[in-house]
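Colleague: Can you read through this structure? Questions will come right after.
A short reminder: the numbers here are calculations on the coordinates, not readings from a lab. Since we're looking at a predicted model, the values are computed, not measured. Cβ placement follows ideal geometry from the backbone for every residue including glycine, while neighbour counts extend to all protein chains displayed.
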């Protein structure tokens, strides 16, 4: 079983691999490296795993992607979520998975064809159980939606889960050591490549380092003189405690025309939206929220879900809790996964706006690359793809 603790001087020394960053992506990476037989140490600067950006997410997952490389991560990741206790070898372990579906809705006639094309692409990429719903079918399944809706893509096996339980499960289900309150301060190199990681508590000798530092991955890249194409962007969400009846069996509901979403949560509802004008910002451990964000978001979600009008009338400021974290974007909105050829032993697993939903398979891919069972050239998300002229944006409806 993995150990999560603040290390002492005696805990440092030689190890097979060091993972920098203890969010969900880093923890999944440590899990799979450990399962591959490596002695693994993960270093996390904060006092717990998944305490920065991971818990600020909407905790959702879906297979509805238009990009082949994203679907290839999402589909097997969902299968792991569905059988997570077996994956980590802890019988009965629960990640509170809710597969209540995931509709992308529109009331714009011009968007309907885009949704239909998206379904065709999803089927080609292996999400063969996603479906296009006409207006009458949408309203029959989800009578709380607006009658103005015209079409939706939908997949029943998509949904959400508990990121805390997912992270702890990956940590408990392996033999890695997780050093908390331990900040990477530098990466040492010699004529063979990476040879160790300096931290605020001691030095770890290793020939393999994985940068899974989320919004701070750019700073870790600079430790080996890499300028990674990463843009951290703040994303906010709101939890509203309300006496208005929220259909607890409702899906994770998205309005593709204004990039807003909502889903039920015990005692209330979670709402959010992806602001395409939000600027790139410097990563920080304290992420501010905007006081007007709940009002703007309520206005957006009520467009296709009328019961939010009642919530809007009755909600008070103390009923609303706004939180914020970072999405990290790359030039093609897809993560960077794999070795950096010019720095032997240095791997990256970062650049996520969809880290929770892709983390299981992404961590496994890093392990396969490290132990040599996957050729880097067969990995479409390799960091060299932009130099190779291969990085192109796909047509996924919403990067949220």
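Colleague: In which sequence would 223, 357 go, from the one with the fewest C-beta neighbours within 10 Å to the one with the most?
Modeller: 223, 357
Colleague: Among 155, 124, 177, rank each residue by its count of other Cβ atoms within 10 Å, from fewest to most, as a rough exposure measure.
Modeller: Ranking 155, 124, 177 by Cβ neighbours within 10 Å, fewest first, gives 124, 177, 155.
Colleague: Between region 326-383 and region 71-94, what is the separation of their alpha carbon centroids in Å?
Modeller: Result: 19 Å between the Cα centres.
Colleague: If I fit a long axis through the Cα atoms of helix 68-82 and take the longest principal axis of the Cα atoms of the chain, what angle between them do I get, 0 to 90°, rounded to 10?
Modeller: Helix 68-82 sits roughly 90 degrees off the main axis of the chain.
Colleague: Taking 0.36 nm per intervening residue step and subtracting the Cα-Cα distance, what contour gain separates residue 285 from residue 243 on full extension?
Modeller: So the chain would gain 11.8 nm between residue 285 and residue 243.
Colleague: Normalising by the residue count of region 100-203, find the relative contact order in percent from Cα pairs under 8 Å and 6+ residues apart. Each step should come with its number before you reach the end.
Modeller: Working: 120 pairs, mean separation 27.1, N = 104.
Value for region 100-203: 26 percent.
Colleague: Now for a separate question. Give the angle, between 0 and 90 degrees and rounded to the nearest 10, that separates the Cα long axis of helix 355-371 from the longest principal axis of the Cα atoms of the chain.
Modeller: Approximately 30 degrees, to the nearest ten.
Colleague: So what is the diffusion coefficient of the chain in µm² per second by Stokes-Einstein at 20 °C and 1.002 mPa s, using a Kirkwood Rh over Cα pairs? List each step's numbers first, then the result.
Modeller: On the way: Rh = 21.7 Å.
Translational diffusion coefficient: 99 µm²/s.
Colleague: Additional query: Give me the mean projected area, in nm² to one decimal, of the convex hull enclosing the Cα positions of region 273-321.
Modeller: Numbers: hull surface 17.8 nm².
Mean projected area of the Cα convex hull: 4.4 nm².
Colleague: Suppose each label sits 7 Å from its Cα in the direction of the beta carbon; what would the residue 278-residue 39 distance come out to in nanometres?
Modeller: According to this spin-label approximation, the distance is 4.1 nm.
Colleague: Enter the mean projected area of the convex hull around the alpha-carbon atoms of region 83-130, in nm², rounded to one decimal.
Modeller: Taking the Cα atoms of region 83-130, their convex hull projects to 4.8 nm² on average.
Colleague: According to a simple spin-label model (label point 7 Å from Cα along Cα-to-Cβ), what is the distance in nm between residue 110 and residue 225?
Modeller: Modelled inter-label distance: 5.0 nm.
Colleague: Give me the percent of Cα-Cα pairs in region 234-341 that sit more than 24 Å apart, rounded to a whole number.
Modeller: That fraction is 31 percent.
Colleague: Could you work out the helix-only [θ] at 222 nm for the chain, with each DSSP H run of four or more residues adding -39,500 (n - 2.57) and the total divided by the number of residues, to the nearest 500 deg cm²/dmol? All intermediate terms of the calculation are to be shown ahead of the outcome.
Modeller: Numbers: 10 runs with 104 residues, N = 400.
Per the formula, -7500 deg cm²/dmol.
Colleague: If you take every DSSP beta bridge fully contained in the chain, what fraction is antiparallel? Give it as a percent rounded to 5.
Modeller: 70
Colleague: Taking only Cα atoms, what is the 0 to 90° angle, nearest 10, from helix 163-172's long axis to the longest principal axis of the chain?
Modeller: That helix lies at roughly 30 degrees to the long axis.
Colleague: Ok, one more. Between residue 131 and residue 203, how many nm apart are label points set 7 Å from Cα along the C-beta direction?
Modeller: Once both label points are built, they end up 6.2 nm from each other.
Colleague: Please work out the Cα center distance from region 1-38 to region 127-180, rounded to the nearest Å.
Modeller: 29
Colleague: Comparing 278, 312, 231, which has the greatest mean-square fluctuation in the GNM of the chain with Cα pairs linked when under 10 Å apart?
Modeller: Comparing 278, 312, 231 in the GNM, the peak value goes to 278.
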